[in-house]
1. Among the numbered criteria (1) in the same structural domain as residue 49 (by TED's automatic domain parsing); (2) within 16 Å of the ligand (Cβ to nearest atom); (3) among the aliphatic types (A, V, I, L, M), which single criterion is violated by residue 293?
2. List the number of the failed condition for residue 79; all other conditions in (1) in contact with a strand residue (DSSP E or B) (Cβ under 6 Å, 6 or more places away or on another chain); (2) crowded, with 24+ Cβ neighbours inside 10 Å hold.
3. Consider only pairs whose beta carbons are under 7 Å apart and that are at least six residues apart or on different chains; among these, list those whose first residue lies in the range 123-147 and is in the same structural domain as residue 163 (by TED's automatic domain parsing) and more than 16 Å from the ligand (Cβ to nearest atom) and whose second residue is assigned to a helix (DSSP H, G or I) and not basic (Lys, Arg).
4. So, in the range 356-370, of the ones that are crowded, with 16+ Cβ neighbours inside 10 Å and under 23 Å from residue 307 (Cα atoms), which residue ends up nearest to the ligand (Cβ to nearest atom)?
5. Mind listing whichever residues of the range 34-70 are within 16 Å of the ligand (Cβ to nearest atom), under 17 Å from residue 239 (Cβ atoms) and under 15 Å from the mean Cα position of the chain (by Cα)?
6. So residue 360 passes all but one of these: (1) within 20 Å of residue 255 (Cβ to Cβ); (2) of a type outside the set (Ser, Thr, Tyr); (3) in contact with a His (Cβ under 9 Å, 6 or more places away or on another chain); (4) in a helix (DSSP H, G or I). Which condition number does it fail?
7. From the list 235, 278, which residue is outside the structural domain of residue 361 (by TED's automatic domain parsing) and at pLDDT 95 or above?
8. Restricting attention to the range 261-285, which residues are more than 19 Å from the chain's Cα centre (by Cα) and free of Cβ contacts under 8 Å to residues at least 60 places away in the same chain?
Amino acid sequence: MTKDQFETTLIHGAFGVDGSTGALTAPIYQTTTYQQRELGVVQRFDYSRSGNPTRQVLEDQIALLEEGNFGYAFASGMAAITAVFFLFESGDEILIPCDLYGGSVRLLDNYFKNFGITWRVVDTTDIASLETSFSAKTKAVLLETPTNPTLQVSDIAEVARIAHARGALVIADNTFLSPYLQRPLALGADIVLHSATKYIGGHNDVLAGLVALKNPELADRILMIQRSSGGVLGPFDSYLLLRGLKTLAVRMDREVENATAIARWLKGHSGVDRVFYPGLESDRGYAIQTKQASGAGGLLSFELNESYSMPAFFSAMRVITLAESLGSVESMACHPATMSHASVSPEMRAKMGISDRLIRLAIGLEGLESLKEDIEGAFTAAKA
Ligand SMILES: Cc1ncc(COP(=O)(O)O)c(C=O)c1O
């Protein structure tokens, strides 16, 4: 799908115009149940855990946008990931990158492990070493690319090639780029999932998860898991995501533009030891990032030089908010070592490249000069 086609699909995609009223916006079907015309004759919907017309528009829309055939909407990103993990059974093993989202690791380690589903950390950025990491039990590779907060890039097509040769699925968490910048199914992944709470919703006002895929058999299994486990997205939240999606392209263009300018500026700043952003030519992941995605996203990280005070840096910011999340119109800053990755041991954090000096910025839509002034003010306050 070209950029132009994608942008048009965002606006007109799965819904178009309401056939009975001419409404341009998908109605919010705030109902749990549906009349059955006669005994044994169920219409398109019967009960909202199994299907809801507003949710259906969203599910069709994410399938279109991810270039899949089927989409499923869940009450959160974690509910979506849980549904995907339910595809596996006792004895199966899932390979994961070392800086996979902590919530996904917790889910595997605290719960799925008890059902005999194991996981192993591998370097998904190193194809040669990944090739030797599969075992007879390996049934899937779970990718996040780029990762958070160190923005490591994995080659989705290459991972898919070696995983498929060994009969394993590739699951791509596409939260950080959204289908506007990267479409893993088109690159060979089998399942794509999102914390739609982030860029897809885009306004910090809805918690949601999405899954999209091509294969009808896998899709039937996800559908049954969705219906059976019940972590579905409600109609109002589905509407909020549909609304947020319409501006995805313009939001992401602006976020990438702002993030790229800030990453370049930080790279030359005396208060910064290291910048992580795969949109910089000097970044380790730049070549693969530019091959498989049309932008590097709105997330970047940097190491603050130790002559600057970390608490003072965060306290001084007025435009950028100290907060855990990302992907919204508002810029947010986070200290991974004490916030998003506080539950990870210091040794593990060191292995993951998350130093105590690391700051993550999720760049939003504010004016670039305001953002730079805010960050510069923080450097000044932190040095004093
Ligand atoms: C990459 C990634 N996947 C999944 C999740 C979980 O999503 P949610 O918070 O919507 O449950 C998050 C949350 O931050 C995330 O960053």
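The values are calculated or read from the model by the stated rules, or taken from the named source; none is laboratory data. Note that this is a predicted model, so its numbers are computed, not measured. Positions of Cβ are backbone-derived with ideal geometry, glycine not excepted, and every protein chain shown enters the neighbour counts.
1. Among (1) in the same structural domain as residue 49 (by TED's automatic domain parsing); (2) within 16 Å of the ligand (Cβ to nearest atom); (3) among the aliphatic types (A, V, I, L, M), the lone unmet condition for residue 293 is (1).
2. (2)
3. 123/129; 123/130; 127/158; 127/162; 130/159; 130/162; 131/162
4. 360
5. Hit for the range 34-70 is 62, nothing else.
6. Among (1) within 20 Å of residue 255 (Cβ to Cβ); (2) of a type outside the set (Ser, Thr, Tyr); (3) in contact with a His (Cβ under 9 Å, 6 or more places away or on another chain); (4) in a helix (DSSP H, G or I), the lone unmet condition for residue 360 is (4).
7. Going through 235, 278 in turn, just one is outside the structural domain of residue 361 (by TED's automatic domain parsing) and at pLDDT 95 or above: 235.
8. Result: 263, 264, 267, 268, 270, 272, 274, 275, 280, 281, 282.
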